[in-house]
Amino acid sequence: MAEPTKYQEQMHLMQKEMMGRYFDEMTRMAEGGPGQSAYMLISGNPVELVRAFDFLPIYPEVNALQIAAKKQALPFILKAEEMGYSIDNCAYVKADIGCFFSGRETPFGTIPLPSLILCNYVGCNVYLQWFEHLAEYYPAPIFNLDVPFVRTESGEPRPEDITYVVRQLEDLIELCEKISGKTLDYKKLQKIVALSGETGELWSKIKELTQRTPSPFDAYFDSVTMMAPLYCLRGTEECVKFFEVSYKELLAKAEAKTGPLPEERFRIVIEGPPPWPYLRTFRDMFSKWGAVAVASTYSTVGGLWEFGFRHDPLRPLESIAQHMLQWNVTNRNFLQRYEQLRRYVEEWSADALVIHSVKSCRLFSAGQGDMREYFTKELGVPTLLIESDLEDPRYFSEAQLKNRIDAFFESLEHKKLVAAKA
Amino acid sequence: MKHTKREAEVLKAAAAVFAARGFHQASVREISNEAGISLAGLYYYFPSKADLLFRIATSAFDVILEKLEETLAGVSDPEERVRVFIQNHLEFFLNHMNEMKVVTREPGFLDGEFREIVAEKQRRYYVRSIEILGGLNATHWSAEGLRASALSLFGMINWIFTWYRPEKDGDAKRMADQMADLFLYGFVQHKNGVRHGRPNSDENASVSTVQAAAVIQQNLLKEQEKISGHPSCTRPRAGEISGGTNMSTASFEELIERARQIVATPVGEVASEWKRSHPGGKVVGCFPVYSPVELIHASGALPIGVIGGGNQIEIAHADSRFQSFVCSIVKSTLELGLTEKLKDVDGMFFQSICDPARNLASVFKRNFPKMAIEYLHLPQNMGSPRVEEYLVAEYRRVLNGLQELVGRTITDQDLERSIGLYNRSRALVRSFYEVRRKSPERLSTAECYLLVRAGTLMPVEEHIALLEAARVALDGRSVKPKDRIRVVLECSFCEQPPLELIEGLEEAGCYLLDDDFLLGWRWFLGDIVADGDPVRGLARGYLDGSVYSGVKHDLRTPKAKHLVDKVREMKADAVVILAAKFCEPALFDYALYRKALDEASIPHLALEFEEKMWVFDKARSEVETFVESMLFE
């Protein structure tokens, strides 16, 4: 039995502090402080390039989810709906736009206006709409970084695709030079890319830890703690530091065979974004059954590193392009997600798949009925499909969800008992 | 059953409307307009649309049967009785063409007691024909043969409504004689017993059949050459589309009717039918919005539009794959696949218009492994100097996939020829839109829509022939403009509204000067210039010569600018945003359109539809209210 590690709970404290500083930096800028900001999207982005110009990366998705987590989303959503956005539009966008037109003030900070609106179009068509709208509301220069979708038999991007993206990155560099008044410091870019590479390495190792039994953390609910610095601070020294600390802490937990719950009774893989306004409630519905997530697709929206990809400082633009083309969940096609989940179920020894379908996000959700069909009929994996929303609090039906989750785990439990007897 | 004069007038009007529109698509309101009677008045005489059809059908049969008995009385010669039978039939129907169309086509839409009564009268008429033919004592026919002969005779005498021209074909007596001769003696035999199947016939007709055939063929070939620009040798007949309509003499209404029939054909049947006449050929379905159909055509495959199941399909299986908050077209298209309706479709093209469509491509791939699924990533960084190279490479990739599918190389000549053909069909479509812009009273949106939609279900060569004939036939048309508002319609670029809704919008008081229905099939502002590099020509056309579309995210112009500019250019009064339920891109666009239209003080109305809707009252009354508010401002 290992002694209580001195890293115990440091991870959480660090995360809080780092994110606090990030939001403070954001607020200072919003209140007239120096510096420039670039709006960008989480999935498959060239943050390394943006940071090389000392732009502060601002992520409307992160702002939206933070607003939802603090239960402040509804007034912003309603404001956007008054402006003409539909009840069926993605609620991330509505919350963000509602906030934009309400002074951009949130419980965690004030969001500055952008110096650059950088739309990294990686699969999600809503990204294109979202930033197009922002650019109409505020005259910052907008750049659509067009990243071809993974659409070939091999599941790999074509050489023409990589060239196309790299050339666009070069155009982006030109634009950033114009906006910032600086020329690109190539060595600085390489350094930042190297830091991303190291972060990816650590994140992969952390993810591997959940292959153990018991899993030292919940790869869905606890991943969100780590995702914030991963997405907002990738490419920085402090981010690497955070992941070093996190890895040590989680490794210690793994070796002490402790997990997030007193007893790990079920190992599950979870697909889809979480219901941010009801994260705690949702988590409890699984904890009560001793169900721990050992893998999740949502934790790969910003990047998929567990299958070997690393940012490469020797080929900075090319590896950034590859990350955007292939190594994040949104630019990969729906069947590749099936494959990713299948690998998780097999290699992380999971008992079941839980698909959380969210009304707002059709990229994730449209067609998950077919996904369930594949997993239950072709692979024989017990699968639960439940529905709510990632941002809009009006779509969470607690009683219904509880019933479905309870019924599912009851039957899983029953199956286990039967199998044990046999 | 005897009718009052008023009732007879209404039935005549109803027959006209049913003949033009088909039973299902005809509206009672239209019939009341046609009859010059109020809707309430119409319902007083005829409680339902089905009742109208019932009365038309039974009345026709009653009259025919009565007259037949009258004229047969006193005629004992068996052959003469056949002639009387045919002449009686033709005389009635040539003077009641609408009734003929309706009775031939529509009684299947009745049910219950109505159906039984009409079927009974049909049976009586059929039995009479059997008796008359039986009287000829042609003992070489068995009972089955006699039955088939009688039904073939009906086929011949019923089908004339599609081609009969009084100035060409003479009166009923002459037609009846000709048909009786044909039926009784066959094509080569004459009534004097002489066979005329040999070149040295001594027929006393002014032109021998051999010469006549040569002349007809010559004319058809000339038309074909005009269309495709080189001698026709590989493509089958032009100037006629299957179904018997000779387009060179068809009226505009008949061409629209033909288009309507084509559009009503399920897409799977179109594929199967085409394959029967093109053994070994491949069919590639194109999901909205834009597909580079020239690439498909150049490969020798048939490109067709797979645009959902409309209101013809129940979604029973696809519901378990795609959630309730996904648009209908994604589900109905999957349903078509899951219910084997696309078994003769060899490949599908999808492209990035929205997230559900993109996921649909994957679901297709998994569920239909025999289909060649292609997903095109069309560029979203318009205006970038990098885009052309990318798009050329993307098109070449797609071309390689097509080559594999059809098993042959696609040459630049193939591509140039295809581009030439589609340039022509698109130019013709643009000309129809020109008519709507300039004189919308002459061409309804519904008619124009049918002409365009038919093109998604037929080879482009045939579509060109249809459009050319329609263009000529339209020239003669002159219509008095009605008091309607001038409208630009937007947001129907993917899932399509039912035709009844489009008609309803117009009837509620709108002239739709422009719309984005089937936009992907009308994608270019002018001709594609192949100029030695046809793939690059297509790519350049996409980047700099294509229509505005919300799914293109061309940041070079603000989103709503094209809409506001268009309204002003066309001097339109208002905008109707007609978006499919759950259509993500349209709903996003609406927020920006609304803002811009408000700022430009352009009145607008937002309506929602689903392809599978059957009830249109609500939408109709919303538009009527909107129109009224505009007319009486």
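The values are calculated or read from the model by the stated rules, or taken from the named source; none is laboratory data. A quick note: this is a predicted structure, and the numbers were derived from the prediction, not measured. Here the Cβ is made from the backbone with ideal geometry for all residues, glycine too, and neighbour counts use every protein chain on show. Protein only, heavy atoms only, side chains kept; ligands, DNA and RNA dropped before computing areas. Shrake-Rupley method; radii C 1.70, N 1.55, O 1.52, S 1.80 Å.
Does A:THR383 satisfy being within 12 Å of chain B (Cβ to nearest Cβ) and touching a Ser or Thr at 6+ places or on another chain (Cβ under 8 Å)?
Taking the combined requirement at face value, the residue does not satisfy it.
Kindly check whether there is at least one residue in segment A:130-142 that is more than 24 Å from B:TYR375 (Cβ to Cβ), more than 8 Å from every other protein chain (Cβ to nearest Cβ), at pLDDT 95 or above and under 22 Å from the mean Cα position of the chain (by Cα).
Looking through segment A:130-142, at least one residue is more than 24 Å from B:TYR375 (Cβ to Cβ), more than 8 Å from every other protein chain (Cβ to nearest Cβ), at pLDDT 95 or above and under 22 Å from the mean Cα position of the chain (by Cα).
Criterion first (within 14 Å of chain B (Cβ to nearest Cβ), in a helix (DSSP H, G or I) and more than 30 Å from B:ALA361 (Cβ to Cβ)) does A:GLU160 satisfy it?
So A:GLU160 does not fit the description; no.
Being within 14 Å of chain A (Cβ to nearest Cβ) and part of a loop (DSSP other than H, G, I, E, B) is the filter; apply it to segment B:513-553 and report the residue that is surrounded by the most Cβ atoms within 10 Å (Cβ to Cβ).
Taking the candidates together, the pick is B:HIS553.
Which members of segment B:577-604 meet the condition of being on the phi > 0 side of the Ramachandran plot and free of Cβ contacts under 8 Å to residues at least 24 places away in the same chain?
Scanning segment B:577-604 gives a single hit, B:SER601.
Quick check: anything in segment B:474-486 more than 25 Å from B:LEU605 (Cβ to Cβ), open to solvent by 30 Å² or more (accessible area, probe 1.4 Å) and under 19 Å from the mean Cα position of the chain (by Cα)?
So far as segment B:474-486 goes, no, none of its residues is more than 25 Å from B:LEU605 (Cβ to Cβ), open to solvent by 30 Å² or more (accessible area, probe 1.4 Å) and under 19 Å from the mean Cα position of the chain (by Cα).
Which of (1) free of Cβ contacts under 8 Å to residues at least 40 places away in the same chain; (2) more than 7 Å from chain B (Cβ to nearest Cβ); (3) open to solvent by less than 10 Å² (accessible area, probe 1.4 Å); (4) of a type outside the set (S, T, N, Q) does A:GLU105 not meet, given it meets every other one?
Here A:GLU105 clears every test but (3).
Hey, among A:THR225, A:THR213, which residue is out of contact with any strand residue (DSSP E or B) (no Cβ under 7 Å at 6 or more places or on another chain), assigned to a loop (DSSP other than H, G, I, E, B) and open to solvent by 10 Å² or more (accessible area, probe 1.4 Å)?
A:THR213
Within segment A:90-102, restricting attention to residues that are assigned to a loop (DSSP other than H, G, I, E, B) and within 14 Å of another protein chain (Cβ to nearest Cβ), which residue is farthest from A:ILE117 (Cα to Cα)?
The qualifying residue farthest from A:ILE117 (Cα to Cα) is A:CYS90.
Among (1) open to solvent by less than 30 Å² (accessible area, probe 1.4 Å); (2) over 23 Å from B:ILE502 (Cβ atoms); (3) charged (D, E, K, R); (4) in contact (Cβ under 8 Å) with a residue 60 or more places away in the chain, there is one condition B:LYS559 misses while meeting the rest; what is its number?
(4)
Take A:GLY155 and tell me if it is open to solvent by less than 30 Å² (accessible area, probe 1.4 Å) and facing chain B (nearest Cβ under 7 Å).
no
Is it true that some residue in segment B:349-363 is aromatic (Phe, Trp, Tyr), away from every other protein chain (no Cβ under 14 Å) and under 24 Å from the mean Cα position of the chain (by Cα)?
No.
Step by step: first the residues of segment A:20-42, then only those that are surrounded by 20 or more Cβ atoms within 10 Å (Cβ to Cβ) and either at pLDDT below 95 or in contact with a Gly (Cβ under 6 Å, 6 or more places away or on another chain) (or both), then the one that is farthest from A:ILE192 (Cα to Cα). Which residue is that?
Among them, the one singled out is A:MET29.
Which of (1) within 30 Å of A:SER397 (Cα to Cα); (2) open to solvent by less than 30 Å² (accessible area, probe 1.4 Å); (3) more than 16 Å from the chain's Cα centre (by Cα) is the odd one out, the single condition A:GLU249 does not satisfy?
(1)
Do we have B:HIS278 as open to solvent by less than 30 Å² (accessible area, probe 1.4 Å) and either more than 12 Å from chain A (Cβ to nearest Cβ) or hydrophobic (A, V, I, L, M, F, W, C) (or both) here?
Here the answer is no, as B:HIS278 does not meet what is asked.
Return the pair list, or none, for Cβ contacts closer than 6 Å from residues in segment B:321-335 that are facing chain A (nearest Cβ under 10 Å) to residues that are open to solvent by 10 Å² or more (accessible area, probe 1.4 Å) and part of a helix (DSSP H, G or I), at least 6 apart or on different chains.
From residues that are facing chain A (nearest Cβ under 10 Å), the pairs are B:PHE322/B:LYS331.
Identify, by number, the condition in (1) under 15 Å from B:TYR542 (Cβ atoms); (2) in a helix (DSSP H, G or I) that B:LEU428 doesn't meet.
(1)
Take B:PHE588 and decide whether it is under 28 Å from the mean Cα position of the chain (by Cα), open to solvent by less than 40 Å² (accessible area, probe 1.4 Å) and of a type in the set (Phe, Trp, Tyr).
The answer is no for B:PHE588.
Checking A:ILE87 against (1) under 30 Å from B:ALA580 (Cα atoms); (2) hydrophobic (A, V, I, L, M, F, W, C); (3) within 10 Å of chain B (Cβ to nearest Cβ); (4) crowded, with 21+ Cβ neighbours inside 10 Å, which single condition isn't satisfied?
Single failed check for A:ILE87: (4).
Taking segment B:27-53 as the region of interest, how many residues are of a type in the set (Phe, Trp, Tyr), part of a helix (DSSP H, G or I) and open to solvent by less than 30 Å² (accessible area, probe 1.4 Å)?
0
Tell me which of these B:ILE256 doesn't satisfy, since it passes every other one: (1) part of a loop (DSSP other than H, G, I, E, B); (2) over 30 Å from B:ARG397 (Cα atoms); (3) not aromatic (Phe, Trp, Tyr).
For B:ILE256, the failing item is (1).
Go through segment B:368-382 and give me each residue that's at the interface with chain A (Cβ under 7 Å from one of its Cβ atoms) and either open to solvent by 10 Å² or more (accessible area, probe 1.4 Å) or in a helix (DSSP H, G or I) (or both).
Listed by number, the residues that qualify are B:TYR375, B:ASN381.
In segment B:383-394, is there at least one residue being facing another protein chain (nearest Cβ under 8 Å), open to solvent by 10 Å² or more (accessible area, probe 1.4 Å) and among the acidic types (Asp, Glu)?
Scanning segment B:383-394, I find at least one residue that is facing another protein chain (nearest Cβ under 8 Å), open to solvent by 10 Å² or more (accessible area, probe 1.4 Å) and among the acidic types (Asp, Glu), so the answer is yes.
Do you know which of the residues in segment A:386-407 that are open to solvent by 30 Å² or more (accessible area, probe 1.4 Å) and acidic (Asp, Glu) is nearest to the other protein chains (Cβ to nearest Cβ)?
Filtering segment A:386-407 for residues that are open to solvent by 30 Å² or more (accessible area, probe 1.4 Å) and acidic (Asp, Glu), the one nearest to the other protein chains (Cβ to nearest Cβ) comes out as A:GLU387.
Please determine whether any residue of segment A:364-371 is under 26 Å from A:LEU202 (Cα atoms), open to solvent by less than 10 Å² (accessible area, probe 1.4 Å) and either out of contact with any strand residue (DSSP E or B) (no Cβ under 9 Å at 6 or more places or on another chain) or away from every other protein chain (no Cβ under 14 Å) (or both).
No, because not a single residue in segment A:364-371 is under 26 Å from A:LEU202 (Cα atoms), open to solvent by less than 10 Å² (accessible area, probe 1.4 Å) and either out of contact with any strand residue (DSSP E or B) (no Cβ under 9 Å at 6 or more places or on another chain) or away from every other protein chain (no Cβ under 14 Å) (or both).
Is it true that B:ILE307 is in contact (Cβ under 8 Å) with a residue 24 or more places away in the chain, more than 13 Å from chain A (Cβ to nearest Cβ) and not small (Gly, Ala, Ser)?
yes
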